[in-house]
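The values are calculated or read from the model by the stated rules, or taken from the named source; none is laboratory data. Values in this document were obtained by computation on a predicted structure and should not be read as measured data. Here the Cβ positions follow ideal geometry from the backbone for every residue, glycine too, while neighbour counts run over all protein chains shown.
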Amino acid sequence: MSDIKSMGLYRNVERIMADLRASGFDGTSPLTVDDLTPYDQYHYEGTDAVDDAIAFLGANPAAHILDVGSGLGGPARYIADRSGAAVTGLELQPDLNETAAALTVRAGLSALVTHVNGDVLAGDAGTDQFTGLVSMLCFLHIPDRASLFANCANALQSGSRIFIDDYYERGELTTTEWEHLANTVYCTYLPDQATYVKQMEAAGLVDVQVTDKTNDWADFVGDRLGRFREARPELIARYDEATVESLDHFYATVVDLFGGGNLGGLRVTARRP
């Protein structure tokens, strides 16, 4: 658990409170989902990606969606707000989960969004509970894909759909690239596209479809780094220099990894029969 805090993205989780203060919100004021979306979407392409998930999963007021690796709860709140679906966010890191729950209360969405501090590998997602599953850039931290996909499938009702954004090995990653992935991104294993599909099918999932997002994500992370560096003086004042240095290192490393051509981005959809 402590190793994942080597990721700059997951250090100083409370920085979102500084972001909100900079936008004029104090520590207790009510918030809307739109107030939060500039700060609580850690994945790529922001709410555009979540809109795609809502459409594919058919999220509606009768649905119950599981968000695996829910982070600060941004996608979970957005899905609930836009579709009326109930959403359960499953998050391994206690500080992220606690902050997410507090933000959900402030956004007035506690009736729809539930936050659970738990581990999908331990079966904490339950069995036959959900009508859909979403996961945004979480699975790259989990090398045990057999247990991961089996537990995801078990959590779903028959006929339910899965929507995943994840990394894959596009070309043979070099030793240095693996070191950067392990030490900065907390990623020690990636399948290629064909292996990814086979692993999901081995868990009993069907209609597995993959869309290569590499070029889109390479553009996204490059733009993210540029915007971050333009705002650097303001962000040092808002957070602290150590936090900004850590985030800069993380963002720049991801840009370099995509730039090497061997790291790929993948959108995967599937269904539990």
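Could you pull out the residue among N60, N12 that is of a type outside the set (F, W, Y), more than 25 Å from A218 (Cβ to Cβ), in contact with a Phe, Trp or Tyr (Cβ under 8 Å, 6 or more places away or on another chain) and surrounded by fewer than 20 Cβ atoms within 10 Å (Cβ to Cβ)?
On inspection, the qualifying residue turns out to be N12.
E179 versus (1) surrounded by fewer than 18 Cβ atoms within 10 Å (Cβ to Cβ); (2) without any contact (Cβ under 8 Å) to a residue 40 or more places away in the chain; (3) closer than 24 Å to A49 by Cα; (4) not small (G, A, S): which is the lone unmet condition?
Among (1) surrounded by fewer than 18 Cβ atoms within 10 Å (Cβ to Cβ); (2) without any contact (Cβ under 8 Å) to a residue 40 or more places away in the chain; (3) closer than 24 Å to A49 by Cα; (4) not small (G, A, S), the lone unmet condition for E179 is (3).
Given (1) touching a residue at least 60 places away in the same chain (Cβ under 8 Å); (2) in a loop (DSSP other than H, G, I, E, B); (3) of a type outside the set (A, V, I, L, M), where does G126 come up short, assuming only one miss?
It fails just one condition, (1).
Can you tell me which residue among L205, L190, L112 is within 19 Å of the chain's Cα centre (by Cα) and modelled with pLDDT of 95 or more?
Within the list L205, L190, L112, the selection yields L190.
What are the pairs, 6+ residues apart or on separate chains, where a residue within the stretch 209-232 that is farther than 17 Å from G265 by Cα has its Cβ under 7 Å from a residue that is of a type in the set (A, V, I, L, M, F, W, C) and surrounded by 14 or more Cβ atoms within 10 Å (Cβ to Cβ)?
What qualifies is L225/A252; L225/V255; F228/L247; R232/V244.
Among the residues in the stretch 203-211, are any under 19 Å from P143 (Cβ atoms), buried (at least 16 other Cβ atoms within 10 Å of the Cβ) and of a type in the set (A, V, I, L, M)?
Within the stretch 203-211, one or more residues are under 19 Å from P143 (Cβ atoms), buried (at least 16 other Cβ atoms within 10 Å of the Cβ) and of a type in the set (A, V, I, L, M).
Where in the stretch 131-247 are there helices (runs of 4 or more DSSP H), lying wholly inside it, with at least 2 residues that are more than 20 Å from F258 (Cβ to Cβ) and in contact with a Leu (Cβ under 6 Å, 6 or more places away or on another chain)?
145-155
Residue-by-condition table, conditions (1) in contact with a helix residue (DSSP H, G or I) (Cβ under 6 Å, 6 or more places away or on another chain); (2) without any contact (Cβ under 8 Å) to a residue 12 or more places away in the chain; (3) not β-branched (V, I, T):
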residue: T32; (1), (2), (3): no, no, no
residue: L57; (1), (2), (3): no, no, yes
residue: D67; (1), (2), (3): yes, no, yes
residue: A80; (1), (2), (3): no, no, yes
residue: S83; (1), (2), (3): yes, no, yes
residue: D95; (1), (2), (3): no, no, yes
residue: V113; (1), (2), (3): yes, no, no
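Sort out which residues of the stretch 93-123 are in contact with a Leu (Cβ under 9 Å, 6 or more places away or on another chain), closer than 30 Å to D192 by Cα and part of a loop (DSSP other than H, G, I, E, B), and write them in order of number.
Residues satisfying the conditions are G118, D119.
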